[in-house]
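Structure, as structure tokens:
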Amino acid sequence: MLKLYYATGTCALATYITLEEAGADYTAERLSFKTNQQNSADYLAINPKGRVPALVTDRGVLTETPAMLAYLAQTFPRAKLAPLDDPFDFAQVQSFNSYLCSTVHINHAHKMRGARWASEESSFADMKAMIPKTMGACFKLIEQKMYKGPWVMGDQFTICDPYLYTLSTWLEGDSVDINATPKIADHFKRMSDRPGVRKVMDAQKA
Ligand SMILES: N[C@@H](CCC(=O)N[C@@H](CS)C(=O)NCC(=O)O)C(=O)O
């Protein structure tokens, strides 16, 4: 059975939702960032990066969201969560998810995790002040140039959708108005109504 390590309000939500959408048999264990559990000896033995998510499989531990999402799409092909038999289409899925991971998520991280890149208080303030601009610009680019509709990749719901939804949940806290990107606002609403998404959001609150 698969086991997901997650914390609430984090990028781990994308993998959590995808486990549901895939119909996977899994358990989920919540870590507390308040107590810095991601850096506890027990958790570092699972994921030495000290980050969530981590997915324990029967072959070993996987980290990095795009890798986990692709693994789930390939492991549960009947859920049709990616165009697995078309190398170009699959690469487009990976391209979208890589952008979320390597650019959008990193912009967001400048709010709480500035100490990764600087040590002066003034640097933190400067980084935080940039977030509405950088996150807003990323979401505009997604809306105008990347999003196909009605799902991210077009007619097929894919592993891009839970990931975009997850990062969209951060917009309000980042002072970005989701309604400035109407297609993504509509995507957010439709994702929120999916039974799997509701189940995961409720489980996170419990
Ligand atoms: N590239 C990784 C990023 C993982 C990551 O940075 N996770 C954050 C939560 S969104 C975390 O665990 N932060 C804890 C910390 O920095 O101490 C992925 O996409 O899975």
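Before moving on, here are some points about what is shown:
Matching residues to (1) of a type in the set (G, A, S); (2) under 19 Å from the mean Cα position of the chain (by Cα); (3) assigned to a helix (DSSP H, G or I):
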site	(1), (2), (3)
K111	no, yes, no
F124	no, no, yes
Y165	no, yes, yes
S175	yes, yes, no
F188	no, yes, yes
G196	yes, yes, yes
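- Test for T8: is it surrounded by fewer than 20 Cβ atoms within 10 Å (Cβ to Cβ) and either outside the structural domain of L167 (by TED's automatic domain parsing) or not charged (D, E, K, R) (or both): yes
- Of all residues making up region 61-98, the number that are assigned to a helix (DSSP H, G or I), within 12 Å of the ligand (Cβ to nearest atom) and surrounded by fewer than 18 Cβ atoms within 10 Å (Cβ to Cβ): 2
- Odd one out for L69 among (1) touching a Phe, Trp or Tyr at 6+ places or on another chain (Cβ under 8 Å); (2) farther than 16 Å from M153 by Cβ; (3) outside the structural domain of K140 (by TED's automatic domain parsing): (2)
- Any hit, region 25-33, residues being within 15 Å of the ligand (Cβ to nearest atom), within 27 Å of I184 (Cα to Cα), assigned to a loop (DSSP other than H, G, I, E, B) and not assigned by TED's automatic domain parsing to the domain that holds F139: no
- Members of region 173-187 found to be surrounded by 13 or more Cβ atoms within 10 Å (Cβ to Cβ) and of a type outside the set (S, T, Y), listed by number: G173, D174, V176, I178, A180, K183, I184, A185, D186, H187
- Restricting attention to region 16-29 and to residues that are in contact (Cβ under 8 Å) with a residue 60 or more places away in the chain and within 18 Å of D193 (Cα to Cα), the residue that is surrounded by the most Cβ atoms within 10 Å (Cβ to Cβ) turns out to be T18.
- Residue in region 101-118 that is of a type in the set (A, V, I, L, M, F, W, C), farther than 15 Å from Q156 by Cα and in contact (Cβ under 8 Å) with a residue 24 or more places away in the chain present: yes
The values are calculated or read from the model by the stated rules, or taken from the named source; none is laboratory data. What you are looking at is a predicted structure, and each value in this text was computed from that prediction instead of being measured. Neighbour counts run over all protein chains shown; Cβ positions are idealised from the backbone, glycine included.
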